[in-house]
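The block underneath contains the structure these notes are about, expressed in structure tokens.
The values are calculated or read from the model by the stated rules, or taken from the named source; none is laboratory data. None of the values given here were measured: they were computed from a predicted structure. Ideal geometry is used to build each Cβ from the backbone, glycine not excepted, and the neighbour counts take in all protein chains shown.
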Amino acid sequence: MAATKTLVICKSVHHNNTAWVAHTIADVLGAVVLTPEEVPYASLDDYDLIGFGSGVYYGSFHEALWSWVRGLPNQRLPQKPAFLFSTSGLSCLWKFWHGPFTRALTRKGFDIIGDFHCRGFDAWGPLWLVGGINRRHPDERDLSRAAEFARRIQTAIKAG
Ligand SMILES: Cc1cc2nc3c(=O)[nH]c(=O)nc-3n(C[C@H](O)[C@H](O)[C@H](O)COP(=O)(O)O)c2cc1C
């Protein structure tokens, strides 16, 4: 069977927290990591699996990722498998942040086969005054969970 060609589209602008996760996942999957600005829609046909990653900014994925998804033509068929991941300062709400983005991807014809979240160092706004929260995150444990997530995605893809 030919290797699964995987693209990870990631926007990480605060401390590269999500970029660490993106590269950990990409290493397992043998994927290319690009920003939304670097991915023309036509190039999607070159990939079998797409990952979407972002830091959380004002309670949402980065606007560049949103605008890339909004610009996609509706209902690309056949459905393409995809997964998403994020990092944020306050981790307890991650499912609320993933929900709208998952629904937008589904509307555009992606089949979401998994998602992942971990804490990221956050020194935004007043948090800067106290030295930030989640210092050193994502840490080794977060990244090993990310790698484990990528292995599960790989298994799911192979199982078809
Ligand atoms: C402008 C801005 C807005 C943010 N808004 C939120 C937020 O609404 N909720 C949250 O939990 N964290 C928020 N954060 C913290 C980031 O989600 C967190 O630091 C994340 O790991 C950043 O990822 P990055 O380093 O990949 O950009 C915000 C950070 C910035 C810079």
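Listing for the model above:
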item	result
For residue 132: the one exception among (1) without any contact (Cβ under 8 Å) to a residue 60 or more places away in the chain; (2) out of contact with any Asp or Glu (no Cβ under 7 Å at 6 or more places or on another chain); (3) more than 19 Å from residue 37 (Cβ to Cβ)	(2)
The lone exception for residue 138 - which of (1) more than 11 Å from the ligand (Cβ to nearest atom); (2) modelled with pLDDT of 95 or more; (3) outside any strand (DSSP E or B) it fails	(1)
Only one of 91, 86 that is in contact with a His (Cβ under 6 Å, 6 or more places away or on another chain), among the polar types (S, T, N, Q) and closer than 23 Å to residue 14 by Cβ	86
Test: residue in segment 26-46 that is out of contact with any Leu (no Cβ under 6 Å at 6 or more places or on another chain), assigned to a strand (DSSP E or B), modelled with pLDDT of 95 or more and more than 23 Å from residue 148 (Cα to Cα)	no
Restricting segment 77-90 to residues that are within 7 Å of the ligand (Cβ to nearest atom) and not in a strand (DSSP E or B), the residue that is modelled with the lowest pLDDT	90
Candidate set: segment 38-65, residues that are β-branched (Val, Ile, Thr) and more than 8 Å from the ligand (Cβ to nearest atom); chosen: the one surrounded by the fewest Cβ atoms within 10 Å (Cβ to Cβ)	39
Selected residue (criterion: farthest from the chain's Cα centre (by Cα)) from residues of segment 87-110 that are surrounded by 19 or more Cβ atoms within 10 Å (Cβ to Cβ) and closer than 16 Å to residue 57 by Cβ	89
Test: residue 157 is of a type outside the set (S, T, N, Q), touching a Pro at 6+ places or on another chain (Cβ under 6 Å) and surrounded by fewer than 18 Cβ atoms within 10 Å (Cβ to Cβ)	no
Any hit, segment 97-120, residues being among the basic types (Lys, Arg), near the ligand (Cβ under 10 Å from one of its atoms) and at pLDDT 95 or above	yes
Pair list, Cβ < 8 Å and 6+ apart or interchain, from segment 98-127 residues that are farther than 19 Å from residue 72 by Cα to residues that are away from the ligand (no atom under 16 Å from the Cβ) and assigned to a strand (DSSP E or B)	113/81; 113/82; 113/83; 114/83; 115/83; 116/83
